[in-house]
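Right, one structure below, let's go through it.
Only the coordinates and a few stated rules stand behind these numbers; no lab work does. These numbers come from a predicted model, not from an experiment. Every residue, glycine among them, receives a Cβ derived from its backbone with ideal geometry; neighbour counts consider all protein chains shown.
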Amino acid sequence: MSRARRGLGFAALLLLVLGLAGTVTGPVRADTAACAPGVVHLRGDWGRARFSVDLAQTPREQARGLMFVEQMPRSRGMLFIYPRPQSVSFWMKNTLIPLDMIFLDSTGTVRHVHHDAVPGDLTPIRGGREILVVLEINAGLARELGIAPGSEMRHPAFDREDAAWPC
């Protein structure tokens, strides 16, 4: 068999395999492909933003948070995910960098933003009631971007029918 015919045979086989794979798993929508545990997307009248995040899901991870972190890239943050909506309160003990804290309800809607939390401050920062998720980012970014109550987040933590911006 000629080299060209073998190449055509391989191409046909590849197309067949890819075609079958598409029918078995179904097409992947571009808007869902971006939904991953380590990424949050925010949107509002102000536009859109994307942050890569570390997750704090266990009580131990949540207690440590961003303590002892000396610097954080502009496009990074930490996402605190609770097992159910609840009243939450934070402090800045052993936190070395100033932060903005964004408190969201179970639909992924921002309910409260605390700007410029002071490193080392032990004053409780209350996020409100019925909070499911808290996003911590570098201080000043929430104001600079326009993130405010009513903004919406897309993340797998909001995998529910009533999500404001579902995955």
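Data table
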| read-out | value |
| --- | --- |
| Per-selection Rg to Rh, region 53-167 - Cα, Kirkwood hydrodynamic radius | 0.93 |
| Those residues of region 125-160 whose amide nitrogen sits under 17 Å from the label point placed on Arg84, 7 Å along Cα→Cβ | 129-133 |
| Spin-label model distance (nm) - Ala63 vs Glu144, 7 Å beyond Cα toward Cβ | 3.4 |
| Full-stretch length increase - Glu70, Val118 - with 0.36 nm per residue and alpha-carbon distance subtracted | 15.9 nm |
